[in-house]
Amino acid sequence: MLARAPRLEDPRLALGFGLTGAACLAIPLLTGLLTGHPAGGATVGLGAWLVAGRAIGNPAGVRTPYLLGVVLSVGVGTSLGVLLAGSGWLMVVVASALAGLGGLVRPIGVTPALTLLLTAANPLPLDPAPHTGLQLLGGLLAAVLLTLPWPWRRTRPIVTMLGEAADTLAGLAEAVADPAVGQDEWDGRRRTASDAIAEIRTARARRLRWERSRAAEDVAFALRRVFHEIIALRGLCGTLARRAPGAADEVGLGDLVDSLSASLRAYLAECPPEQVPVVDFGDRVDRLRERGTCGKREMVVLVLLRQIAHSAGRIQTALDGSAEAARRLCAPGLAPALDMATLAVPPPLAFDDPRVRHALRVLLGTAFASIVIVLFKPAFPHWLVIAVLVTIQPTYGETRARVWWRVGGSTAGGLVSAAILHAAPGHWPLVALIGVSAALAFGLAPTHHAYWATFMTMCVLLLLDFQVPQTEKIAESRVVLTVVGGVIAIACTRLLWPRGETDRLAERVGRMLDSHAVVARALAQLARGRADAERAEERIRKAAVDAEMVAAALDYIAKEPGGAAPGAVDEALEAAQRVRDDLLTLISVFRDEPTGAGPVPDVLDAVAGHLRAAAEAVRGREPYEEPAADVGRGLADDAAWVGAQAERRLTELETDAAEPGPRAAASEPGSGRALLRTAAVDQALRSLDADAVRLCAASAGAFAAPP
């Protein structure tokens, strides 16, 4: 499996982090060469590498206390490695225990066991005490250097970024219906708001463990939806101002805009955030309709006003739906509303706890690899255990993907390293090669693990050669033992405590999501006029069968001794039924007359993409993350399309009133019917979006491994 080539515009690229990480290694190496102690410089560099490697998960948000804890882990692992060198069976026990503890307690991680193995299996370039001290010095150098306020470090709290984005959106909302705001000024405000949203996306891409991630995700998603709806409102209000300016004043459009701006400015402005309600514009439209004459022109204006009410309602729903997340995000400590049960001592760890089972898998996998080393004594044996340590993951899907990436990366990096070691370059060329490989490893690690495996392999092998000259056999041995370690890791996750029926249930839920995605794709083709309604209906029948299989699986699990299915699966089944109802509604609209052009097919394709992404998340036991294809943007485009249809209809009515005749009478029914169809489709799409979001969240939430 090949990793996709990175692009310079990829926000996950951490080029600044790569250069800083390379400096953590290059500085001690150069210092050692200049002072005549290259082995000492390499020892400092190895300590820096061990600490810097723990920052790749969150390079921009890593903090000094966390890295100081990693430095302590390096000290513990180095000390134990010095003591246990040559003690085969005792090292098996200690390394396995450290690996299991690291799997159970994430802040500990693999660092102590990794450091123990590297120290015990390689000849020390210095006496034990200086070696330990210099390695700790390298760790401290990395902890300090990586956490300095470099330009590439986005150290601002995420709540600040979100609050600034909300304030920018408030300024954009103020310009929606303001005639004094020209197109150039509007474009400037829109770019500013878009940049604020993009900054949040970049922070999310760089931080694998986001600050209070679930709450931040919810608030960021709400702000993105608000942004798209404000853009749609601008178009709708512009049409209203051109064609029916009196209606805007009569219904109080200015009050709506003011309330939207006030609600956004209050959102995240204070902690806890204040909730300012948005004007109930739909109620005003209803009252206007009751007072009106309901002529053709008035009905078109009402459709336009109703679309404005829908967009405003979606903004209110987005803000209300994320209010609890905003409150959690702003809370400086424990939320005041927490009950005493939340403050109770956490329950003791149980064997059924996924963290415990993962820790036992790591422990047993490390023990098995260590026993293989003791019995068969392969060359450079520590690479076998290290391969197990860094490859085994909490779920089978993650482990399998990591194995492919690591085997491919280690093979490529090992072959290049073997060629370099065979050429036996001097210290100065090695410094340059280590610096380049470190910069590439740290800089590309956030984009794909395969890049990290490739360049990290080169970096660490060349760094070990800098300490004590090695031969090309170490690179060859690393490739072979990495493959063997990957097999052990897969065996541990596949054979030890398999989830059994839960795995089958996850596969069935994933199949149900896939089948609903197929229906949405077929419906998009129907909207484009490239398929017939019968095909879409057949896809819906297959999706219903897959949903029935999930329901049957729930009944079967309930009858098993001690069987219990995730409760969210019931919610997913209910949401799936509503999704199918929404799709049937759209089929009835498209049956006689497809929409052809317009945003409707793209919205359906985006919904299908969300469903497929949720299916992959379910199968991989991972949290569901919103894909790049944003349904909210498509819905906002659809609202603007309704506005364009309304403006076209109003133009026709004005023309017909000025020039009555047979041509006008013949053109009225078609354009009016098209407007009504467009408005009906818009409502069905919005309902489909809400139900699909429920389906994705419930399905993925039922199977995601706990953080």
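The values are calculated or read from the model by the stated rules, or taken from the named source; none is laboratory data. Small disclaimer: the values here were computed from a predicted structure and weren't measured. Because the Cβ atoms are built from the backbone with ideal geometry, glycine has one as well, and the counts that use them run over all protein chains shown.
Computed quantities for the displayed model
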read-out	value
Some residue of region 151-170 being part of a loop (DSSP other than H, G, I, E, B) and within 25 Å of Ser73 (Cβ to Cβ)	yes
Of all residues making up region 100-123, the number that are surrounded by fewer than 17 Cβ atoms within 10 Å (Cβ to Cβ) and either assigned to a loop (DSSP other than H, G, I, E, B) or at positive phi (or both)	4
Test: residue in region 84-92 that is among the aromatic types (Phe, Trp, Tyr) and either surrounded by 17 or more Cβ atoms within 10 Å (Cβ to Cβ) or closer than 22 Å to Pro28 by Cβ (or both)	no
When residues of region 286-315 are limited to those that are of a type in the set (Gly, Ala, Ser) and at pLDDT 75 or above, the one surrounded by the most Cβ atoms within 10 Å (Cβ to Cβ)	Ser311
Within region 12-49, considering residues that are hydrophobic (A, V, I, L, M, F, W, C) and farther than 17 Å from Gly435 by Cβ, the one modelled with the highest pLDDT	Ala39
Count of region 436-479 residues which are basic (Lys, Arg) and more than 19 Å from Leu46 (Cβ to Cβ)	1
Condition check for Gly235: modelled with pLDDT of 75 or more and either surrounded by fewer than 23 Cβ atoms within 10 Å (Cβ to Cβ) or closer than 24 Å to Ala704 by Cβ (or both)	no
Pairs, first not assigned by TED's automatic domain parsing to the domain that holds Arg201 and among the hydroxyl-bearing types (Ser, Thr, Tyr) in region 54-67, second at pLDDT 90 or above and surrounded by fewer than 17 Cβ atoms within 10 Å (Cβ to Cβ), C-beta under 8 Å, six or more apart	Thr64/Val144
Residues that are hydroxyl-bearing (Ser, Thr, Tyr) and at pLDDT 80 or above, drawn from region 372-429	Thr391, Ser410, Thr411, Ser417
Every residue from region 259-273 that is of a type in the set (Gly, Ala, Ser), at pLDDT 85 or above and over 14 Å from Ser322 (Cα atoms)	Ser259, Ser261, Ala262
Some residue of region 420-432 being touching a helix residue (DSSP H, G or I) at 6+ places or on another chain (Cβ under 9 Å), of a type outside the set (Gly, Ala, Ser) and under 27 Å from Ala491 (Cα atoms)	no
Residues located in region 391-419, provided they are within 25 Å of the chain's Cα centre (by Cα) and under 19 Å from Leu464 (Cα atoms)	Gly409
Number of positions in region 65-84 that are hydrophobic (A, V, I, L, M, F, W, C) and touching a Ser or Thr at 6+ places or on another chain (Cβ under 7 Å)	4
The one condition in (1) surrounded by fewer than 24 Cβ atoms within 10 Å (Cβ to Cβ); (2) in contact with a Ser or Thr (Cβ under 6 Å, 6 or more places away or on another chain) that Leu364 fails to fulfil	(2)
Pick from region 63-99, criterion over 38 Å from the mean Cα position of the chain (by Cα) and not in a helix (DSSP H, G or I), ranking: farthest from Leu46 (Cα to Cα)	Ser87
Residues (in contact with a Gly (Cβ under 8 Å, 6 or more places away or on another chain) and either farther than 30 Å from Val105 by Cβ or β-branched (Val, Ile, Thr) (or both)) located in region 393-436	Thr395, Val403, Val407, Ile434
Positions within region 425-453 being over 16 Å from Ala14 (Cβ atoms) and either without any contact (Cβ under 8 Å) to a residue 12 or more places away in the chain or polar (S, T, N, Q) (or both), in sequence order	Pro425, Gly426, Pro429, Ala432
Complete set of residues in region 684-707 that are at pLDDT below 70 and within 15 Å of Val579 (Cβ to Cβ)	none
Any hit, region 130-142, residues being under 28 Å from the mean Cα position of the chain (by Cα), buried (at least 20 other Cβ atoms within 10 Å of the Cβ) and in the same structural domain as Val82 (by TED's automatic domain parsing)	yes
When residues of region 498-510 are limited to those that are surrounded by fewer than 18 Cβ atoms within 10 Å (Cβ to Cβ) and at negative phi, the one modelled with the highest pLDDT	Glu507
Any helices (runs of 4 or more DSSP H) falling wholly within region 416-534 and containing at least 3 residues that are charged (D, E, K, R) and in contact with a Phe, Trp or Tyr (Cβ under 8 Å, 6 or more places away or on another chain)	472-495
Count of region 367-380 residues which are in a helix (DSSP H, G or I) and either surrounded by 17 or more Cβ atoms within 10 Å (Cβ to Cβ) or touching a Cys at 6+ places or on another chain (Cβ under 9 Å) (or both)	6
